[in-house]
Amino acid sequence: MKFRGTSKIVTFYTRRYGKLKGVAKGARETKSKFGAALEPMTLVSLVLYKKEHRDLQLISQADILHRHKSIHSDFDRMPVALSVIELLNRLTHEEEENSLLYALVLETLDAIDRAPRNAVNVLFAFELRVCSLFGFAPALDRCVACGRSLEGLEGKGVVLQLPRGAIYCPACSGPIPVFDPERLLTVRRSHHGASEAAERAGTIRLSMPALQILRRFASGNLAGVTGLEYNQEVGNELEVTLRLYLRYHFEEFRPLRSLKMFHIALK
């Protein structure tokens, strides 16, 4: 953010202190000492004057350790990586250390930077792993009612119960009131209304292909999920399901502007 004459307010996510905000004096000058170190998604070595109970710290120095070149030069990767940073900013509070989350963000950005294709898969996998770190991971392996394995299951689809993150197999989901699956896709055009309807119902229906992909996202290597292929309809379903799940469990979650701004076409 611009600050006063030539300065910036910059938000960092750090290994030691979690999220920090600081003032970088002169960062907007043509020959600023910070150079490109304050660009989004850049890993830096940070020197700052930190005072307790002060909202804004004074940034003394920021040196680039790693700059994700493919992310910054590829229009398809950039909105995906920005979405990771946007989600991180919204779900974290000031000065709450979380070394596991820090490591996950680094791994995620590296995976996006190196992705040969389908970089958005890394974002979806990141979202599921964030849920796990915060204790809200959905249980995607077995039916919560009968205990039946969902591996290789076929049928009309399963039901995901949002509050518990529980899955009901086709045999057990019959009597459960479910948010109309056809209306899930309207969330991309009208997220707010559809989200409220889904939250009231507390359950949504998942197609079997979408469930299998989600299971791969949850358990697979981040770099490996870019090899997963699916059609546009399943891609829409994956995005909407994860948005509704995050919205249900995280009070601060809102639709990610980064994906909307760049109009990513899911494949």
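The residue that is surrounded by the most Cβ atoms within 10 Å (Cβ to Cβ), counting only those in the stretch 19-32 that are in contact with an Asp or Glu (Cβ under 9 Å, 6 or more places away or on another chain) and not aliphatic (A, V, I, L, M), is LYS19.
Quick one: is PRO170 in a loop (DSSP other than H, G, I, E, B) and in the same structural domain as ALA210 (by TED's automatic domain parsing)? Considered against the rule, which asks whether it is in a loop (DSSP other than H, G, I, E, B) and in the same structural domain as ALA210 (by TED's automatic domain parsing), PRO170 comes out as yes.
Residues considered: ASP55, ASP63. Of these, the only one that is in a strand (DSSP E or B), exposed (fewer than 15 other Cβ atoms within 10 Å of the Cβ) and among the charged types (D, E, K, R) is ASP63. The listed residues are SER45, SER73, and the only one of them that is free of Cβ contacts under 8 Å to residues at least 24 places away in the same chain, loosely packed, with under 13 Cβ neighbours inside 10 Å and farther than 22 Å from LEU104 by Cα turns out to be SER73. Scanning the stretch 209-227 for residues that are among the polar types (S, T, N, Q) and in contact (Cβ under 8 Å) with a residue 24 or more places away in the chain gives a single hit, THR226. Does GLY35 satisfy the condition of being touching a residue at least 12 places away in the same chain (Cβ under 8 Å), more than 22 Å from ARG90 (Cα to Cα) and either acidic (Asp, Glu) or exposed (fewer than 13 other Cβ atoms within 10 Å of the Cβ) (or both)? Yes: the conditions hold for GLY35.
Kindly evaluate LEU211 against the criterion of being of a type in the set (A, V, I, L, M, F, W, C), closer than 20 Å to PRO163 by Cβ, within 14 Å of the chain's Cα centre (by Cα) and assigned to a helix (DSSP H, G or I). In short, no.
The values are calculated or read from the model by the stated rules, or taken from the named source; none is laboratory data. Remember, predicted model here, so these are calculated numbers, not experimental data. Cβ: placed from backbone, ideal geometry, glycine included. Neighbour counts: every protein chain shown.
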